[in-house]
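> Just passing along the structure, written as structure tokens.
Here, each number is a calculation from the coordinates, and none is a lab measurement. None of the values given here were measured: they were computed from a predicted structure. Here Cβ is always computed from backbone atoms with ideal geometry, including for glycine, and neighbour counts include all displayed protein chains.
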Amino acid sequence: MALGGIYDGYGGGGFIAAPAVSYAAPAKVVAAAPAAIALPAPKLVAAPAPAAVVKTVIAEPYDPNPQYSFAYGVSDHSTGDSKSAQESLVNGVVHGSYSLTEADGTIRKVTYTADKINGFNAVVEKSGASVIGIAKPVAAVAAVPAVAKVAYAAPAVAKVAYAAPSYYHH
């Protein structure tokens, strides 16, 4: 009997036995291999043949002799912006013109035609007088006054006095 300790409780003192301790390794468990299951062979099934796709082509409407016409104009008196344009297509020939006020105040007008045979042809006209005049010659410049020579003086540096550090120990 092993000595477990001193019992000093009710009913007097005495010795009590130490509890019995035992250890055993866990039992080795061996699992059985899974049972083989026989599966039926897969059945091969032929895929259905793709259905033929019939594409319906809808013919777009075609105008063998297209025609159009447009025009616009701007006249802003506060900024001086003034321009206009017009164009039309008849029997395969484009006729048009545009005009604008140039920066110098003249008016430029362009009249043009374009077709498959002659290509693009334009006639440019410029009208009106330029409001920008020729610059007047600048008045003679007076001679530059002589610059007085500046004398250099080294900056005055004032010496600053500081208290000497004091050293002490605690």
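> Just subtract the alpha-carbon distance of V54 and A24 from 0.36 nm times their residue separation and send over the number in nm, one decimal.
Full extension from V54 to A24 adds 2.7 nm.
> Counting trypsin sites (Lys or Arg not before Pro) as exposed when in a DSSP loop with at most 10 other beta carbons within 10 Å, what is the longest stretch of the chain free of them?
56-115
> Name the residue farthest towards the positive end of the dipole of the chain from the options A146, V21, A129, assuming +1 on Cβ of Lys and Arg, -1 on Cβ of Asp and Glu, about the Cα centre.
The residue sitting farthest along the positive end of the dipole is V21.
> What are the chymotrypsin sites (Phe, Trp or Tyr not before Pro) within the range 108-170 that DSSP puts in a loop, where the Cβ has at most 14 other Cβ atoms within 10 Å?
Y152, Y162, Y167, Y168
> Could you name the lysines whose alpha carbon sits less than 19 Å from that of K83, not counting residues in the same chain fewer than 8 places away?
The qualifying lysines are K109, K126.
> What does the charge dipole of the chain about its Cα centre add up to, to the nearest 20 debye, if the Cβ of each Lys and Arg holds +1 and the Cβ of each Asp and Glu holds -1?
Once rounded to the nearest 20, the dipole reads 620 debye.
> Just how far, in whole angstrom, is the range 106-141 from the range 50-76 if you go by their alpha carbon centroids?
Each part's Cα centre sits 38 Å from the other's.
> To the nearest 20 debye, what is the magnitude of the charge dipole of the range 68-127 about its Cα centre, counting +1 on the Cβ of each Lys and Arg and -1 on the Cβ of each Asp and Glu?
With Lys and Arg at +1 and Asp and Glu at -1, about 160 debye.
> If you stretched the chain out fully between A33 and V160, how much longer would it get, using 0.36 nm times the residue separation minus the C-alpha to C-alpha distance?
Result for the pair: 35.8 nm of gain on full extension.
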